[in-house]
Structures are given as C-alpha cells and as structure tokens.
Amino acid sequence: MENFWEANFLDILIRSILTFVIILILARIIGKKQLSQLTFFHYITGITIGSVAGEITTQINTPFFDGIIALACWTILTIAMSFISIKSTKFRVIVDDRPTILMQNGVINQHGLKKARLHVDELAMLLREQGIFSFEEVHYAVFETNGELSVMKKPEYDPATKKDVKANYPKSPYFPTEVISDGKIVKKNLSELNLTEDWLMNKLKKKNIQNIEDVFFAQVLEDGSLYVSLFIDKQGLSKK
C-alpha cells in the first residue's frame, strides 16, 4: 500500500510539473489578448484549458499524452479563431458580438440595455466605477465586448485641457521609467533613456542619498526629475 501511494505521489508530481511547463508555453503562444481583451469566448477557452490541465494533473487514469493533445488542440483552435477574427469582420461579430450602445445623445437606450441583459442600476454602477454619478453628464455610453463600459461625456462636463485654455504644453522629454529596483540600478532602462550612472548618482546626492543600496525604488519622471522611495526599517522609518 505504501508503494502504491508513493507511486501515485510521484506520478502526480511529475504530471504537475510537466503540465505547468506546457501551460506556460501555450499561454505565451496564445498571447496577451487572453487577459487584456477578455471577451466571453476567451473566458470560456481559458476555463476549458485550465480544466483540461487540472484533469491531466490529478486524474491518474487519464493518459498523460491524450491530455497534452487536448491542450494542444484547444490552443490551436483558439489561435485559429483569433486569426480568422482578425481577417473577417463577420466572423469576429459571430465570435465576440458587437459593442452595444447603452446611452445615446444623453438618452438611455432601453433596447441596448435589454440586449446586454443589464438594468438601469447596473448601468449606474458601471458609470460610478468611472467616477460619473449623474446620467446627465453622459453623451454616449458603449458596452464593450469585454464587459467594460466606454463613456463619452457631454462637452460641458469634460474637464478642460491645456489646449482648451491655450496653456503651454511642452513635450515630455522622458517616459516614466524605473531606474532603481530593490537597491540595484536597472542599467538597461538607464541606457534606453541615454542617461548615465553618474547622472543618477548626482540626482540621488541632491536628495541626500549616498548609497544605491538605500533606495528601494526610483523612477525617472517625464520632466527628467527623479522619484525615490527608500527602504523602510522595522521601526517604519526611511533609511538615511
């Protein structure tokens, strides 16, 4: 009996490790859309692939290679569906449906709500999630295929931009970039910004920081200034 349990344990361990590696590879092949644009179709395929992986790992009676073939088939089908969706608008509508207009010209579209299977309270909740508490502010509201709500406010409720008030808005010389992480310089990012370690040290010294090891996180901001967060000791105080 002991040998039986040991054999089962080793089998599950090996299956788990191999399945984990295979899922990691397949996830990279499928791409980022699975998470960044999670439509209903991608949600279902993600659950199914996870279920198949769980079956392979825990069900010893399931032939391992049969499960791997099933995972490969689901991955290939997912990629194929995504590729066809890119090429064919009609097919894309069949798979992902179309965005649904829930408010148009400031008026609630009852037909759109019914199609999206939402009621007014749910629409109000989606608006509040975007910081909009009054329907009066909304010009258009579109329910996207991934379940998110896109909103266009009425012009009078839009915040004024620098262009609106004719203020100067010079282009930012830098993109906010991490240059120190966990007490170590991120040399690749520093090089991409065409900055040197000497420049970084001078910036730190202006903030009375002498050692890189004292810095938990540092980021170059748009205007070339440096944001710094120091390590915190056990007393909750920043190291000096």
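Under a Gaussian network description of the chain, with springs only between Cα atoms under 10 Å, the residue in I14, I180, I23 that fluctuates furthest is I180. Note on Y157 and R128: the model spin-label points, each 7 Å out from Cα along the C-beta direction, lie 1.5 nm apart. At a probe radius of 1.4 angstrom, the accessible area of the chain per residue rounds to 71 square angstrom.
Where nothing but the Cβ of Lys and Arg (+1) and of Asp and Glu (-1) is charged, how large is the charge dipole of segment 118-240 around its Cα centre, in debye to the nearest 20? Please report the intermediate quantities before stating the final value.
On the way: 17 positive and 20 negative charges, 178 e Å.
With Lys and Arg at +1 and Asp and Glu at -1, about 860 debye.
Under the convention that each Lys and Arg Cβ holds +1 and each Asp and Glu Cβ holds -1, the size of the dipole of the chain around its Cα centre is about 880 debye. Using the Cβ-Cβ distance between W199 and I232 with R0 set to 41 Å, the FRET efficiency from 1/(1 + (r/R0)^6) comes to roughly 0.95.
Positive end of the dipole of the chain (Cβ unit charges, origin at the Cα centre): among Q104, L13, A116, the Cα lying farthest that way belongs to Q104.
Just subtract the alpha-carbon distance of A80 and E137 from 0.36 nm times their residue separation and send over the number in nm, one decimal. Kindly include the intermediate steps, with their values, before the conclusion.
Values: separation 57, 0.36 × 57 = 20.52 nm, distance 4.16 nm.
Full extension of this stretch gives 16.4 nm more.
Going by accessible surface with a 1.4 Å probe and the largest first, L77, L195 read L77, L195. Testing the spin-label approximation: label points 7 Å from Cα along Cα→Cβ at N8 and F91. State their distance in nm. Result: 4.5 nm between the two label points. In terms of packing, defined here as the mean over residues of other Cβ atoms within 10 angstrom, the peptides 88-100, 153-165 line up highest first as 88-100, 153-165.
For the chain, what does -39500 (n - 2.57) per DSSP helix run (n ≥ 4), summed and divided by total residues, give at 222 nm, in deg cm²/dmol to the nearest 500?
On the way: 9 runs with 116 residues, N = 240.
My calculation for the chain gives -15500 deg cm²/dmol from helical runs alone.
Sequence-ordered 3J(HN,Hα) estimates for segment 171-183 from the Karplus curve with 6.51, -1.76 and 1.60 and θ = phi - 60° stand at 5, 6, x, 10, 9, x, 9, 6, 10, 9, 9, 6, x Hz, glycine and proline given as x. Of the labelled figures (i) 26.5, 82; (ii) 20.9, 65; (iii) 17.3, 53, only one reflects Rg and Dmax of the Cα atoms in Å as derived from the coordinates, namely (i).
Each label was represented as a point 7 Å from its Cα along the Cα-to-Cβ direction; for D214 and K187 these points are 2.4 nm apart. Screening the chain for whole DSSP H helices with an alpha carbon extent of at least 15 angstrom along the helix axis and a mean Kyte-Doolittle hydropathy of at least -1.0 yields 2-30, 40-58, 64-87. Checking the cross-link pairs K114/K153; K153/K188; K115/K154; K171/K206; K166/K207; K87/K166 against a 32 Å limit on the alpha carbon distance flags K153/K188; K166/K207; K87/K166 as lying beyond it. Considering only T196, G224, I212, the residue lying farthest towards the positive end of the dipole of segment 82-240 is T196, judged by Cα position with unit charges set on Cβ.
The values are calculated or read from the model by the stated rules, or taken from the named source; none is laboratory data. Remember, it's a predicted structure, so these values are computed and weren't measured experimentally. No Cβ is skipped: glycine too gets one built from the backbone with ideal geometry, and neighbour counts run over all protein chains shown. In case anyone asks, the SASA skips ligands and DNA or RNA and just uses the protein heavy atoms, side chains included. Shrake-Rupley method; radii C 1.70, N 1.55, O 1.52, S 1.80 Å.
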